[in-house]
Amino acid sequence: MSDLTSLEVPFPLRRNPHYQHANDEHQRWLERFPELAAIASESVYARWDVADLAAVAYPSCSAESLTLATDLLGFYLLFDDGFDGELGRRPADVARICERLTDLVFDPDPARARTETERAFLDLWERSTAGMPARWLARAAYNWERYFASHPAEAAGRVSGLIPDRESYLVVRRGTAAMETVFDMIERLDHLEVPQAALHHPVLRRLRQIAADVPSLSNDVYSYPLEAPRGDVYNLVMVARRERGCSTDEAFEVVLAEAQQMIDRFAELTRQLPDAYRQLDLTPDELEPTRRYVDGLTAWLVGYLDWEERTGRYAAPQPAPHAP
């Protein structure tokens, strides 16, 4: 396999000092939802060190916020792994599970949460949305819907075995990666409200897309040995191998080279930010949350790649999962 440590990121790694608090609280959260926790065995899950991912991805938030981030990241990983077994080859069943979770986004009534996975998500959604403005809530709801709605297509791909073209890959992968929900949490965890003009400025939109895509590309390389045997097809290594007619190792190199180009572009775009801020004529009160948001995007990019290199999540095939 290609050298997975070859990506060069020209930004410093930062770490949240509240790691231990978040890790301890996360263990208590998992005890509240044992069926969700059982998707991965306790020893396997411990090797993932989800609190470590939260600590490097959200380095500046409070202990309480880091606990929420850890619980949320744990939910993503466990929920995703719940489809690694036979359930993940039944698109209609996957769709029903995901539709019920989406319903909770728009109608967060505890009486509607029937399964433990639904109750765990509702807990996270209620904690995430508390006190957030209407515009953020609308955006977050859409992004969660997109995340859940992308899983049936991924399941259908496992059944068909057909490797998608690049465009189709990006549509599904950008959904199941959940990156937009991760970036929404920058504002929630650090108590920011980014001005609309800044959030949707071309430079920030491109930074956000790169910060979303690079971890997906890197993850496709790391997770390939696990995904290929179980029939996953929404992996850029497989797409590159088919399009180029090359070996798997050559496809690894292609994907990592593309990821490095994106990182270089991210660095170049950050140098354009002062001009963008001047063009928008941001006030000091608007500039401060915008800068902190960009710092959050950068922290995610650096932190995720650092964690992925160290975590035990991709070290060996996982046990057969339970259903969500």
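Details
- Distance between the 7 Å Cα→Cβ label points at ARG15 and ARG135: 3.7 nm.
- The length gained by stretching the chain between GLU258 and ASP295 to full extension, at 0.36 nm per residue less their Cα-Cα distance, is 11.0 nm.
- Relative contact order (%) - region 1-159, alpha-carbon pairs under 8 angstrom, separation at least six: 25
- Heavy-atom accessible surface of the chain: percent carbon and sulfur, 1.4 Å: 50
- Size of region 110-188 as Cα extents on the principal axes (Å, biggest first): 44, 29, 15
- Each Cα pair of region 147-206 feeds into the Kirkwood radius, which the Stokes-Einstein equation turns, at 4 °C and 1.567 mPa s, into a diffusion coefficient of 95 µm²/s.
- Quarter the surface of the alpha carbon convex hull of region 247-289 and you get the mean projected area, 3.9 square nanometres.
- Every Cα-Cα pair of region 53-175 was included, and the share exceeding 27 Å stands at 23 percent.
- Dipole magnitude of region 155-198 about its Cα centre (Cβ charges: Lys, Arg +1; Asp, Glu -1), debye to nearest 20: 340
- Taking the Cα centre of the chain as origin and assigning +1 to Lys and Arg Cβ atoms and -1 to Asp and Glu Cβ atoms, the resulting dipole is close to 420 debye.
- A 1.4 Å probe run over the protein chains yields, for region 50-191, 37 Å² of accessible area per residue, whole-number rounding.
- Against the compact-protein benchmark of 2.2 N^0.38 Å, the Cα-based radius of gyration of region 2-95 scales to 1.26.
- Estimated D of the chain in µm² per second, where Rh is the Kirkwood radius over Cα pairs and Stokes-Einstein applies at 10 °C, 1.306 mPa s: 78
The values are calculated or read from the model by the stated rules, or taken from the named source; none is laboratory data. Remember, predicted model here, so these are calculated numbers, not experimental data. Note that each Cβ is placed from the backbone with ideal geometry, even for glycine, and that neighbours are counted across all protein chains shown. Quick note on the areas: whole protein, heavy atoms, side chains included, nothing else; ligands and nucleic acids left out. Shrake-Rupley method; radii C 1.70, N 1.55, O 1.52, S 1.80 Å.
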